[in-house]
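What follows is calculated from the coordinates using simple rules that are stated; it is not laboratory data. Keep in mind the model is a prediction, meaning the values are calculated, not measured. Cβ atoms come from the backbone with ideal geometry, glycine included; neighbour counts cover every protein chain shown.
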């Protein structure tokens, strides 16, 4: 009895062993098959990628050749130069960039208030004009632009845009400030006259002259230089004593000479 039981147990153990052994073998085969399939797929993908990379490299080769040719050409240009020439070329390029930047800055319009400020600075830096008395003598008729003075010659009240300085006939008349002789002419009212233009928009007029042969139109004159002599050629002032009729103008407007004379 015991032998039968033992034999039955042995058969059951053997069958169990065979079952588990077969299961393990089956699992091993399945795992191996899956592993082989994965590996085979990976190999095919890598081969496909390799082919694509080879194709792309083939397409890129011409571009790389062009880049290399350009670099070679640039290198061949530089190789023939000395170190100083290369430095000079770089300096020239820098100067060109700087000049272009300065040009662009110059083309930028300044604001109106900035232009006014610059204009004021330029005016202030100009030479300050100091007019001298063109002839020594007493002022017998004052500047009267906004009021009237009586004319002994015309026997009426008139405006007077200059001053009359009493002086003997043939007295030398000097330039009140340095400038350029603009006109020498016979004025129908104030007789033989000389006009001198100065810096800053100023001009001076010397009238009722006897002579004006000391200077010519377009001539540069210095302050104190002889222009002519006192006379009695002014028809509007024929009844007055010999004198110089003297005017100062600023930007086209007659102003009182006493403001500037020293």
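Computed quantities for the displayed model
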item: At R0 = 22 Å, FRET efficiency that the Cβ-Cβ distance of residue 185 and residue 128 yields, to 0.05; result: 0.15
item: The stretch 139-259: C-alpha gyration tensor shape, a/c 1.5 cut-off, then a/b vs b/c; result: oblate
item: Full-stretch length increase - residue 222, residue 136 - with 0.36 nm per residue and alpha-carbon distance subtracted; result: 29.2 nm
item: Added length on full extension, which subtracts the Cα-Cα distance from 0.36 nm per residue, residue 258 to residue 34; result: 68.7 nm
item: In nm, spacing of pseudo-spin labels at residue 145 and residue 239 (7 Å Cα→C-beta vector); result: 2.7 nm
